[in-house]
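We did not get these values from a lab; they are worked out from the coordinates using the rules stated. The model shown is predicted, which means the values in this text are computed figures rather than measured ones. In this analysis, Cβ positions are derived from the backbone assuming ideal geometry, glycine residues included, and neighbour counts consider all displayed protein chains.
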Amino acid sequence: EDQVTQSPEALRLQEGESSSLNCSYTVSGLRGLFWYRQDPGKGPEFLFTLYSAGEEKEKERLKATLTKKESFLHITAPKPEDSATYLCAVQATGTASKLTFGTGTRLQVTL
Amino acid sequence: DAMVIQNPRYQVTQFGKPVTLSCSQTLNHNVMYWYQQKSSQAPKLLFHYYDKDFNNEADTPDNFQSRRPNTSFCFLDIRSPGLGDAAMYLCATSREIGLSYEQYFGPGTRLTVT
């Protein structure tokens, strides 16, 4: 069974204090790993797709990396508007388009 | 802007009273999904449509049904809602199936069961 575990559950940072979120996964065969941002009461917003170990993608203050067992979302010099829950999901080969999500990391960035 | 729209945003229903949630999309995507997300939990896939082909997840209760009358619209029907069905229901779309196409989510419908 595909599994996704995210840590920490919650993270509080001061503005400008860089950190990383972790997503560990077990999957029979990885087709893709996805990062989403979810604001309270809203649907997830797509951030990145990573396909193979060693791949990296960047968007503004966010950088996602992938190894064979985990992915990291690095947040550089965060701002209060980066506060949200960050969800990681995997899509396994042979499962059509099913995404298996983790429970997310709730990030709060304070002034 | 192309988007995924869900109506209503908030729905209150009584225990056992059938309810229908609506999703529409202007992305012209072939695949539409319904997820259930309970508080502080991961979104859980209920089923998806690839064009007119319906695909149910094995652990989705029979109480949940879906209809897709055309490319743009998809409905989630809960035949006899229980208290445990209170959740956020998320509709998502993707261009195709079987490849790593990203899924685009609507804002969700928050369902309360009284």
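Within segment B:15-114, list the chymotrypsin sites (Phe, Trp or Tyr not before Pro) lying in a DSSP loop whose Cβ has at most 15 other Cβ atoms in a 10 Å radius. Show your work: numbers first, answer last.
Working: sites: B:Phe15, B:Tyr33, B:Trp34, B:Tyr35, B:Phe47, B:Tyr49, B:Tyr50, B:Phe54, B:Phe64, B:Phe73, B:Phe75, B:Tyr89, B:Tyr101, B:Tyr104, B:Phe105; in loops: B:Phe15, B:Tyr101.
When the chymotrypsin sites (Phe, Trp or Tyr not before Pro) of segment B:15-114 are filtered for loop state and at most 15 Cβ neighbours within 10 Å, B:Phe15 remain.
Spacing of the modelled spin labels on B:Arg67 and A:Ser18, each 7 Å from Cα toward Cβ, amounts to 5.4 nm. For B:Ser66, which sequence-distant residues (separation of 5 or more, or a different chain) have an amide H within less than 5 Å of its own amide H, given hydrogens modelled in the peptide plane? Long-range HN contacts for B:Ser66: B:Asp77.
For the protein assembly as shown, the calculated P(r) over all alpha carbon pairs, in 10 Å bins from 0 to the bin holding the longest distance, is 8, 33, 35, 19, 4, 0 percent.
Counting other Cβ atoms within 10 Å, keep those with at most 10, restrict to DSSP loop, and tell me which trypsin sites (Lys or Arg not before Pro) in segment B:11-61 are left. Walk me through the numbers before you get to the answer.
On the way: sites: B:Lys38, B:Lys44, B:Lys52; in loops: B:Lys38, B:Lys52.
Taking segment B:11-61 and a limit of 10 other Cβ atoms within 10 Å, the loop trypsin sites (Lys or Arg not before Pro) found are B:Lys52.
Other residues within the sphere of radius under 12 Å centred on the Cβ of A:Glu55, judged by their own Cβ, net out at +1 (K and R +1, D and E -1). With a Förster radius of 22 Å applied to the C-beta separation of B:Leu27 and B:Arg110, the computed FRET efficiency comes to 0.45. The label-point distance for B:Phe54 and B:Val12, in a model that sets each label 7 Å from Cα toward Cβ, rounds to 3.1 nm. Here the relative contact order of chain A, from alpha carbon pairs under 8 Å that lie six or more residues apart, stands at 37 percent.
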